[in-house]
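Everything on this sheet refers to the single structure shown next.
FYI, it's all coordinate maths here, none of it is from the lab. These numbers were taken from a predicted model, which means no experiment stands behind them. Virtual Cβ from ideal backbone geometry, glycine too; neighbours counted across all protein chains shown.
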Amino acid sequence: MNYTLHQLQVFLKVADLKSITKAAEELFLSQPAVSIQLKNFQEQFEIPLYEIIGRKLYITEFGNEIARAASNIIDEVYAINYKTLEFKGLLSGKLKISVVSTGKYVMPYFLSDFMKINDSIELSLDVTNKIAVLESLNRNEADFALVSVLPKDISIEAMPLLENKLFLIGNKNSPTFESEDSKTIFEQLPLIYRENGSGTRSVMEYYFDKMQFSMKKKMELTSNEAVKQSVIAGLGYSVMPIIGVKNELQSGDLKIIPIADFPIITNWQLIWLKNKKMSPVAKAYLEYVKENLDSIVSKHFEWSLHF
């Protein structure tokens with residue numbers, strides 16, 4: 001056997017994503033480069049690590065065993081690197097955070113100065129929908145998660161960071177409704193929904209169920225950006241967090257539609273598993289957020305408090 005650390009990293013990424021193309025994107029390599037490394041790695045084993053059926057890549061049972069071993073090897077290599085930095089007196093390690101998709105407008109501001117102060121820390125920031133975020137946290141794959149709706153079936157601790165205000169949003173040509181009857185207004189509007197598993201959608205649907213509204217769903221989209229562009233184009237209205245539409249409100253492409261009982265208010269919260277044994281990096285980050293919470297909100301989110 002004469003495989004390299006790079007080959008282990010490439011194979012592990014392919015095994016995780018089940019795709020050479022996606023692995024190449026995440027590793028910032030060309031697709032042919034990943035294919036060559038994968039082929040060279042496979043040639044060192046008599047048993048197939050993977051197979052391609054049609055256009056899909058499948059990891060074999062043996063391949064999954066090798067992937068687990070590769071993960072352990074890579075973790076040990078990281079540990080050696082981190083120990084070296086620790087002996088130099090530097091805070092080091094990996095900080096793993098999973099964030100709901102709209103949280104990408106929030107989380108970077110709670111990370112930027114911490115990462116600048118501790119430039120030996122490696123950050124893994126996964127942005128996905130609420131279901132995937134909670135699954136990652138529950139499997140202890142993330143140190144922290146950012147959500148706007150707390151899970152009911154996972155034992156967690158939480159730190160509120162910022163109010164999450166959701167408004168009815170239309171484009172610049174949307175009319176202002178004279179009626180204050182929100183039930184009548186909502187039942188006649190073509191609404192654009194986020195996908196199942198989205199925190200924004202769960203908050204919206206909870207409100208509609210509570211108010212006993214019968215909604216008219218126009219379409220369902222899988223990202224906040226897609227919803228924004230569809231509303232701007234005049235395809236419908238949506239209930240959206242103010243934090244994700246700042247630029248479009250300032251430019252006039254979108255506007256808030258005044259309506260009774262709005263905004264809907266939840267909280268952006270940093271959560272972690274109860275009784276989790278935190279790494280030194282995770283402990284340091286939590287302490288940093290506690291100490292700097294007010295100044296971060298004041299510096300970066302003061303504008304949102306006036307809506």
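Assorted remarks:
- Once the Cα atoms are used to define both axes, helix 61-87 deviates from the longest principal axis of the chain by about 90 degrees.
- In straight-distance terms, cross-link reach from Lys276 covers every one of the lysines whose alpha-carbon lies under 25 Å from its own, apart from those fewer than eight places away in the same chain; here that gives Lys83, Lys94, Lys96, Lys104, Lys130, Lys152, Lys290.
- Nearest-20 debye value, the chain charge dipole, Cβ charges on Lys, Arg, Asp, Glu: 160 debye
- With both labels modelled 7 Å from their Cα along Cα-to-Cβ, the Lys210 to Ala33 distance reads 5.0 nm.
- Packing-based order for 3-10, 39-46, 52-59, using average beta carbon neighbours within 10 Å, highest first: 3-10, 39-46, 52-59
- Cα centroid separation, the stretch 14-59 to the stretch 237-269: 43 Å.
- Listed values [x] 21.3; [y] 22.2; [z] 19.8 include one computed from this model; for Kirkwood radius over Cα pairs in Å that value carries the label [y].
- Placing +1 on the Cβ of every Lys and Arg and -1 on the Cβ of every Asp and Glu, with no other charges, gives the stretch 164-265 a dipole of roughly 180 debye about its Cα centre.
- The slack between Phe307 and Thr21, meaning 0.36 nm per residue of separation minus the straight C-alpha distance, is 98.7 nm.
- Contact order relative to length of the chain, as percent, for alpha carbon pairs under 8 angstrom and 6 or more apart: 19 percent
- In the chain, taking the dipole from charged Cβ atoms about the Cα centre, the farthest positive-side position among Val133, Leu162, Phe307 is held by Phe307.
- The chain, helix-only ellipticity at 222 nm - DSSP H runs n ≥ 4, -39,500 (n - 2.57), divided by all residues, nearest 500: -13500 deg cm²/dmol
- Selected from Ser202, Asn72, Val245, residue furthest toward positive end of dipole (the chain; charges at beta carbon): Val245
- Only the Cβ atoms of Lys and Arg (+1) and of Asp and Glu (-1) were treated as charged; on that basis the dipole of the stretch 5-85 about its Cα centre amounts to roughly 240 debye.
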